[in-house]
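Take a look at the structure below.
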Amino acid sequence: MKLLEERIRKNGKIFDGGVLKVDSFLNHQIDIKLYQEIGKEFFRLYGGENVTKILTIEASGIGIACVTAEFFEVPVIFAKKSKTKNIAGDVYTSKVESFTHGKVYDIIVSKDFLNAGDRVLIIDDFLANGSALKGLIKLVEDAGATVVGAGICVEKAFQPGGDLIRDMGVRVESLARVKSMSMEGGVEFC
Ligand code: 5GP
């Protein structure tokens with residue numbers, strides 16, 4: 001998606017350790033017009049898939065998922081990052097290793113909101129090593145629901161997540177695929 005690539009080139013900031021900061025328009029301050037274009041594009045890609053739910057993970061995915069859901073006219077569920085060790089109640093759970101914080105945490109979704117008949121589109125802002133996406137896929141599979149695919153804003157294609165998830169047979173559509181990035185050379189797209 002040219003619009004997103006151009007915006008990353010213009011306003012993205014590259015940090016040590018392969019971190020791309022896009023917090024002036026995507027995941028801290030939000031350009032809602034850009035979100036709308038992103039949502040429209042996800043709908044163009046997945047609109048024919050009879051999606052019944054959109055699933056994301058807190059916090060950065062929620063806004064993108066909500067704007068996208070306006071096009072699909074379906075509910076959004078966001079997986080919560082659980083702080084308690086003993087997870088009580090009727091929840092689906094899986095483990096995610098945070099790329100940006102380096103910690104492993106549990107994510108949970110109530111069993112009330114994911115059902116066997118659901119066709120789920122997973123939305124997230126970034127795909128790096130694939131841990132977040134893998135955790136979300138497990139929640140859907142545990143519910144007996146179907147993963148229609150994943151809609152990712154920025155895939156860092158130099159990290160293994162994209163290949164890992166596609167090798168699992170899951171459709172992944174990324175609106176901007178970063179081939180390489182460096183402080184000297186900037187961002188190069190696939
Ligand atoms: P993964 O689980 O694929 O390794 O990482 C995906 C998650 O880590 C995303 O939900 C996103 O919040 C965060 N993330 C990974 N790489 C980056 C990055 O370069 N910049 C930002 N802002 N977040 C990232």
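In segment 115-135, the count of residues that are of a type in the set (D, E) and farther than 25 Å from Q36 by Cα is zero.
Only residues that are open to solvent by less than 20 Å² (accessible area, probe 1.4 Å) and within 6 Å of the ligand (Cβ to nearest atom): list them for segment 119-132, please. Of everything in segment 119-132, those that are open to solvent by less than 20 Å² (accessible area, probe 1.4 Å) and within 6 Å of the ligand (Cβ to nearest atom) turn out to be D124, D125, L127, A128, G130.
For A79, the stated conditions do not hold, so it cannot be described as in a helix (DSSP H, G or I) and within 15 Å of the ligand (Cβ to nearest atom). Scanning segment 147-172 for residues that are charged (D, E, K, R) and surrounded by fewer than 17 Cβ atoms within 10 Å (Cβ to Cβ) gives D163, R166, D167, R171.
For segment 1-17, a residue qualifies if it is within 26 Å of F43 (Cα to Cα), part of a loop (DSSP other than H, G, I, E, B) and open to solvent by 30 Å² or more (accessible area, probe 1.4 Å), and exactly one does: M1.
The number of residues in segment 18-74 that are open to solvent by 30 Å² or more (accessible area, probe 1.4 Å), among the aliphatic types (A, V, I, L, M) and either assigned to a helix (DSSP H, G or I) or under 24 Å from N129 (Cβ atoms) (or both) comes to 5. Kindly indicate the residue of segment 107-118 that is crowded, with 17+ Cβ neighbours inside 10 Å and in contact (Cβ under 8 Å) with a residue 60 or more places away in the chain and also nearest to the ligand (Cβ to nearest atom) among those meeting that condition. Filtering first and then ranking leaves L114.
Residues that are within 12 Å of D124 (Cβ to Cβ) and assigned to a strand (DSSP E or B) within segment 157-187 comprise V172, E173, S174, L175, listed in sequence order. Scanning segment 133-146 for residues that are within 13 Å of the ligand (Cβ to nearest atom) and either open to solvent by 10 Å² or more (accessible area, probe 1.4 Å) or of a type in the set (A, V, I, L, M, F, W, C) (or both) yields L133, K134, L136, I137, K138.
Exactly one residue out of F158, F189 is under 18 Å from E6 (Cβ atoms), in contact (Cβ under 8 Å) with a residue 12 or more places away in the chain and not aliphatic (A, V, I, L, M), and it is F189. In summary, F99 fulfils each of the numbered conditions (1) touching a Phe, Trp or Tyr at 6+ places or on another chain (Cβ under 8 Å); (2) assigned to a strand (DSSP E or B); (3) within 12 Å of the ligand (Cβ to nearest atom) with the single exception of condition (2).
The values are calculated or read from the model by the stated rules, or taken from the named source; none is laboratory data. As the structure is a computational prediction, the values presented were derived from the model and not from experiment. Using ideal geometry, Cβ is built from the backbone for each residue, glycine included, and neighbour counts are taken over all protein chains shown. Keep in mind that these areas ignore ligands, DNA and RNA; they rest on the heavy atoms of the full protein, side chains included. Shrake-Rupley method; radii C 1.70, N 1.55, O 1.52, S 1.80 Å.
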